[in-house]
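Heads up: the structure comes next, in structure tokens.
FYI, it's all coordinate maths here, none of it is from the lab. Computed from a prediction, not measured in an experiment: that's the story for all the values here. FYI the Cβ positions are ideal-geometry reconstructions off the backbone, even for glycines, and counts take in every protein chain you see.
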């Protein structure tokens, strides 16, 4: 089983003004002018981490990682102003041009897979291939699976805590109800909603039980920031028409693509990874047994590392 490459520090990092009052934190790791790649984090609303740098062979890759609008070290923090899927797509183009890259491997997991597909379909001439994990295509059906009905049947005990902050009469639209709660003028109500929103996802993200951690005011604020941003995307259907990413696949079907998905992923349904694979002749789908949604689960990590290795080697994907 492959594991992460050793810890590495960026050889370059800075902020990029992308307009609309937003500045993005970006960094590059590996070997400058080696095989170009871009890493897209999930959420929407999370950010990059030190371990994300380690998914690529540093001797053979030049990887650009960045915090999306409102995320991580990008500013203004947690801002939802001018923050849509299509703003992020064009941010990626500005980063590519800044770095002087013609084509790059696009690597994205969960929400990052949505953004990867949206970017590739908009700028196919600047993509050399895709590595996608935990497929999410931004459909209302996928959002309802996690936030309305579906995962609720598999984790009814966690679900009970998730819906607790929502009045019974508002439970027919939990994404909308949470939008109101997360933006409530009373901070304690908003934070309580953020705790329930984030804990529901955290408890379903891996088949390995999460370790409890003590809450602090800082972690409450972080939960609120991420929940608000994620909910902002969901309540707006990620600014995608229904099935849009499938309808535009003709633009990228010629590109190599590896899809990695856990058999027991409760956050993003395997059926959508299967549908994407069946709609994309030549793509490689790896269904990882004994794995959920998290990229760090051993079987998923093994597939991802092998995919990035074999892409740069020019060999057939796994």
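A few comments on the model shown:
- Extent of the stretch 141-238 along its three principal axes (Cα atoms, max minus min coordinate, largest first): 32, 31, 26 Å.
- Mean Cβ count within 10 Å, highest first, over the residues of peptides 74-80, 1-7, 116-122, 229-235: 116-122, 229-235, 74-80, 1-7
- Residue 82/residue 184 FRET efficiency (R0 25 Å; Cβ-Cβ; nearest 0.05): 0.60
- A protection proxy built from the mean count of other Cβ atoms within 10 Å ranks the segments 274-280, 256-262, 148-154, most packed first, as 256-262, 274-280, 148-154.
- Choice from 142, 243, 201 with maximal GNM fluctuation in the chain (Cα, 10 Å cutoff): 243
- The stretch 70-136 - Kirkwood radius from inverse mean 1/r over Cα pairs (Å): 12.6
- Taking the chain as a Gaussian network of alpha-carbon nodes connected by springs under 10 Å, the highest mean-square fluctuation of the residues 247, 126, 52 belongs to 247.
- Extension gain from residue 15 to residue 161, taking 0.36 nm per residue of separation minus the Cα-Cα distance: 48.7 nm
- Net lengthening on full extension, residue 249/residue 73 (0.36 nm per residue, minus Cα-Cα): 60.1 nm
- Cβ crowding within 10 Å averaged over residues, with 23-33, 160-170 ranked highest first: 23-33, 160-170
- If R0 is 25 Å, the Cβ-Cβ spacing of residue 170 and residue 49 corresponds to a FRET efficiency of close to 0.15.
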